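Chemist: Let me begin by handing over the structure; questions about it come next.
The values are calculated or read from the model by the stated rules, or taken from the named source; none is laboratory data. Remember, predicted model here, so these are calculated numbers, not experimental data. Ideal geometry is used to build each Cβ from the backbone, glycine not excepted, and the neighbour counts take in all protein chains shown. What goes into the accessible areas is simple: the full protein's heavy atoms, side chains included, and nothing from ligands, DNA or RNA. Shrake-Rupley method; radii C 1.70, N 1.55, O 1.52, S 1.80 Å.
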Amino acid sequence: MAKLRLTHLLTAVIAICLFQTTALAYVTVSFSSPANGATVMPGASIYVEATAMCDNNFLYFCEIDAGSTIINSHAFGTYDFQYYWLGSATYTVPTNAAPGTVISFSIYAMQYGGDMTVYTRTIYVTVGGVDTSAPTYSGTAGIKSVERVDGASADIEWYQATDNVTSAANIDYEIYYDTVQANVFTAGVKKTVTGSLTTTITGLNATSAYYVGVRAVDAADNRETNSRTLLLDLPINAVGPDAWAMYE
C-alpha cells in the first residue's frame, strides 16, 4: 500500500510541472458510511463509502483501505480534471473476527499541483460479540393503532423499537392477527415489514373482528415477545342482510 502511494506521489511530482498553481490547494476527505465507532458483527457486510474533494485544484489519486487491504482506488489521467471523487466498496467482516477487534477504514487522496500532502481520514468500527439481545420498545410495546380501510383491509401502526446492534432501518416487524385473541401470536406471522412503522393488511373477512399484534425482530433473529393486541372491529355495514331480519 505504501509503495503504491509512493509511486503515485512520484508521478504526481511530474504532474506539478503541468499543473502548478500559485495558491495552496486543499482536499477534503470524509466517510459517509460506516459510522465511526459503529459495532459490527462477524460475517457482516459493511457498505463503505468515502469522498474526496479539492477546493481549487484537481484530484490525482484516491484510495480506500480496510486495514492494510485496498478495497477501492482510482488514479485520474493527466487531463481528467476532476475535483470530486466518490468511492465505495462492500467489506465483509471476517467470520472468525474476535469480539473487540477494531477494524480501520482509511481514505487517501492526492491532488495536482500545490503542496504534496497526502490527505487522509481514518475511522474505526468494533466487532461485537454474538448478538443475543432482542429489540426493545422505549414506550408502549408493539401495536399502536388499527383502522379499517374497507371490509377486506386495514391500516395498522406500531411503536419504534431499538436494538443494541441492528439499526432502526433494519429491524423487522412481524404482523400477527387472528379472530381469537388468544391465538394471535400462535397462529403464525401474517406479514413482515422492515424499518417502517406502518402497513396495510389485506384479505380480511368483512364480517369478522380481528385482534392484531406486532413483534420486533433484529438481524440476528432475536425476537421480542410483547403480548399487546388491539381489536380491529367490524367495518360499518358489515352485518349481512340476514342478521337484520331479527329487527324486522
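Chemist: May I ask you to list the residues in region 79-91 that are at pLDDT below 95 and open to solvent by less than 80 Å² (accessible area, probe 1.4 Å)?
Modeler: 80
Chemist: Here is a check on your reading of the model: is residue 138 without any contact (Cβ under 8 Å) to a residue 60 or more places away in the chain and open to solvent by less than 30 Å² (accessible area, probe 1.4 Å)?
Modeler: No, not satisfied.
Chemist: If I ask for residues that are part of a strand (DSSP E or B) and not hydrophobic (A, V, I, L, M, F, W, C), which ones from region 154-195 would you list?
Modeler: Of everything in region 154-195, those that are part of a strand (DSSP E or B) and not hydrophobic (A, V, I, L, M, F, W, C) turn out to be 155, 157, 162, 172, 173, 174, 176, 177, 178, 191, 192, 194.
Chemist: Please pick out the residue among 107, 123 that is part of a strand (DSSP E or B), within 19 Å of residue 47 (Cβ to Cβ) and touching a Cys at 6+ places or on another chain (Cβ under 9 Å).
Modeler: Result: 107 is the single residue among 107, 123 that is part of a strand (DSSP E or B), within 19 Å of residue 47 (Cβ to Cβ) and touching a Cys at 6+ places or on another chain (Cβ under 9 Å).
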